[in-house]
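K.L.:
Mind having a look at this structure? Questions to follow.
The values are calculated or read from the model by the stated rules, or taken from the named source; none is laboratory data. Predicted model, so just to flag it, every value in this text is computed and none were measured. Reconstructed Cβ throughout: ideal geometry from the backbone, glycine too, with neighbour counts over all protein chains shown. Calculation scope for accessible area: heavy atoms of the full protein, side chains included, ligands and nucleic acids excluded. Shrake-Rupley method; radii C 1.70, N 1.55, O 1.52, S 1.80 Å.
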Amino acid sequence: MSATRTVAVRTRLTEPRGTGLLRTLGLLALLIITAGFWIFFSVFATGFTSDFNVFFLLRSAAIAVTIGFAQMVVLSIGDMNLSVGAIGGATGMFAGWLMQVLGVPPALAVLLAIALGTTLGFGNAALVVWTHLNSFIVTLATASLITGGMLILTRARPFSNLPDSFIGIAQTELGGVPVAPLVLIMLAVALALGLVYRSTSLGREMLAIGANRKAARMSGLAVGRIVLVAHGLSGLLAALAGAMSVAANNTASPGIGSDWVLASFVAPAIGGTLLSGGLVSVSGTVLGGLLVATISSGLLLMNVSNFWLSVFLGAVLLLAVGLDRITRTVGGAAS
């Protein structure tokens, strides 16, 4: 029996019975809840369904989902990345600097920023693998290093003179429909990740490591290599989210990413990704990000303090931790 097949068998044995049905029901419930909020805000929040508000809501959702994806890929292997916001902010500033100061074309600037984000993700993975420290500690430390380094190098000065061709991906509509090109970028990333986790050995290996890293290592999987790939992909997606935020804000600001840590966990957690690893839901993360953006937009239009959104996000994360523990306990009992 091959190593991948062996770990796949072990992974199935550690999953709770009926997981597939529960995930389907969970996605359906999440879809119904999101639709319910749309109906509620359509009635009680003036202007909620206007083209203007729908445009900005979907744009915010696209960024929130991409941030969630950056966290989801490391959650899949049982790790976490507290430097998602730091990487997004630093690479966003880097892209702004390249475009404004050096005159680098937007497409090349974004590619270079994504390359930097991927490199920073690889750095996180290298520290996790070589030091055997928990990813929580490593990425908490690197978040401070990355943010501090960015502030020192840029002197906390924003870059606001950005090319119209770059800003246009966040400010223009697609064919008269209130949808920004950023939404299409997010959907393309979602499709790619869905294919990775459903149809490739890499995706199955990442989930196997998240389900039981010790068993994966004993079965011959290159755990270190897969950790490197997962954290590198997380850095790439964080950098992409940073570039999207810069375009949406029309400026590369040092504040980008400062409030991403909690948000990065909430979208995948709402969508059914286990915080302890081994199970992800790409479509659930998309719906989770849309739900958060919907509530944020609706509360804003109803003149309700955004502090209530923070309360909601914190409560959801606590609930997700509890459900994660229950799922693992039931799964252990069923195996």
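K.L.:
In this structure, is Ser165 more than 17 Å from Val73 (Cα to Cα) and not aromatic (Phe, Trp, Tyr)?
P.N.:
So Ser165 passes the test.
K.L.:
What do you reckon, is Ala90 among the aliphatic types (A, V, I, L, M), at pLDDT 95 or above and either part of a loop (DSSP other than H, G, I, E, B) or surrounded by fewer than 15 Cβ atoms within 10 Å (Cβ to Cβ) (or both)?
P.N.:
So Ala90 fails the test.
K.L.:
Would you say Ala170 is free of Cβ contacts under 8 Å to residues at least 60 places away in the same chain and either assigned to a helix (DSSP H, G or I) or closer than 30 Å to Phe56 by Cα (or both)?
P.N.:
So Ala170 fails the test.
K.L.:
Given the conditions (1) touching a helix residue (DSSP H, G or I) at 6+ places or on another chain (Cβ under 8 Å); (2) modelled with pLDDT under 95, and given that Leu237 satisfies all but one, which numbered condition is not satisfied?
P.N.:
Checking Leu237 against (1) touching a helix residue (DSSP H, G or I) at 6+ places or on another chain (Cβ under 8 Å); (2) modelled with pLDDT under 95, the one that fails is (2).
K.L.:
Next question. Would you point out the residue of segment 246-272, among those that are among the hydroxyl-bearing types (Ser, Thr, Tyr) and either over 13 Å from the mean Cα position of the chain (by Cα) or modelled with pLDDT under 90 (or both), that is surrounded by the fewest Cβ atoms within 10 Å (Cβ to Cβ)?
P.N.:
Here the answer is Ser258.
K.L.:
Within segment 188-199, identify whether any single residue is assigned to a helix (DSSP H, G or I), more than 19 Å from Gly117 (Cα to Cα) and touching a residue at least 60 places away in the same chain (Cβ under 8 Å), and answer yes or no.
P.N.:
Scanning segment 188-199 turns up at least one residue that is assigned to a helix (DSSP H, G or I), more than 19 Å from Gly117 (Cα to Cα) and touching a residue at least 60 places away in the same chain (Cβ under 8 Å).
K.L.:
I'd like to verify a number: residues in segment 157-178 that are closer than 24 Å to Leu120 by Cα and open to solvent by less than 50 Å² (accessible area, probe 1.4 Å), how many?
P.N.:
Number satisfying all stated conditions: 2.
K.L.:
Still on this model: Just give me the residues in segment 64-80 being under 13 Å from Leu291 (Cα atoms) and β-branched (Val, Ile, Thr), in sequence order.
P.N.:
Val65, the sole residue that qualifies.
K.L.:
Please indicate, with yes or no, whether at least one residue in segment 179-196 is surrounded by fewer than 15 Cβ atoms within 10 Å (Cβ to Cβ) and modelled with pLDDT under 95.
P.N.:
Checked against the condition, which is being surrounded by fewer than 15 Cβ atoms within 10 Å (Cβ to Cβ) and modelled with pLDDT under 95, segment 179-196 yields no hits at all.
K.L.:
Which one of Leu145, Leu151 is under 21 Å from Asp259 (Cβ atoms), open to solvent by 80 Å² or more (accessible area, probe 1.4 Å) and out of contact with any helix residue (DSSP H, G or I) (no Cβ under 6 Å at 6 or more places or on another chain)?
P.N.:
Going through Leu145, Leu151 in turn, just one is under 21 Å from Asp259 (Cβ atoms), open to solvent by 80 Å² or more (accessible area, probe 1.4 Å) and out of contact with any helix residue (DSSP H, G or I) (no Cβ under 6 Å at 6 or more places or on another chain): Leu145.
K.L.:
Can I ask one more? Looking only at segment 97-114, decide whether some residue is crowded, with 21+ Cβ neighbours inside 10 Å and of a type outside the set (A, V, I, L, M, F, W, C).
P.N.:
no
K.L.:
Name the single residue that is surrounded by the most Cβ atoms within 10 Å (Cβ to Cβ) among those in segment 273-298 being over 21 Å from Ser135 (Cα atoms) and among the hydroxyl-bearing types (Ser, Thr, Tyr).
P.N.:
Top of the filtered list is Thr285.
K.L.:
Hey, another quick one. Select the helices (runs of 4 or more DSSP H) contained entirely in segment 214-332, then report the ones holding at least 3 residues which are within 21 Å of Leu30 (Cα to Cα).
P.N.:
Output list reads 260-271, 282-301.
K.L.:
Would you please name the residue that is farthest from the chain's Cα centre (by Cα), looking only at residues in segment 28-75 that are open to solvent by 50 Å² or more (accessible area, probe 1.4 Å), touching a residue at least 24 places away in the same chain (Cβ under 8 Å) and under 23 Å from Glu173 (Cα atoms)?
P.N.:
Here the residue is Thr46.
K.L.:
Right, next: For residues that are β-branched (Val, Ile, Thr) and open to solvent by 30 Å² or more (accessible area, probe 1.4 Å), scanning just segment 197-234, find the one that is farthest from Val65 (Cα to Cα).
P.N.:
Result: Thr200.
K.L.:
Just checking, which of Ala141, Ala109, Ala126 is assigned to a helix (DSSP H, G or I) and within 20 Å of Asn249 (Cβ to Cβ)?
P.N.:
Ala109
K.L.:
Looking only at segment 77-131, filter to residues that are in contact (Cβ under 8 Å) with a residue 12 or more places away in the chain and aromatic (Phe, Trp, Tyr); which one of those is farthest from Met244 (Cα to Cα)?
P.N.:
Restricting to residues being in contact (Cβ under 8 Å) with a residue 12 or more places away in the chain and aromatic (Phe, Trp, Tyr), the top hit is Phe122.
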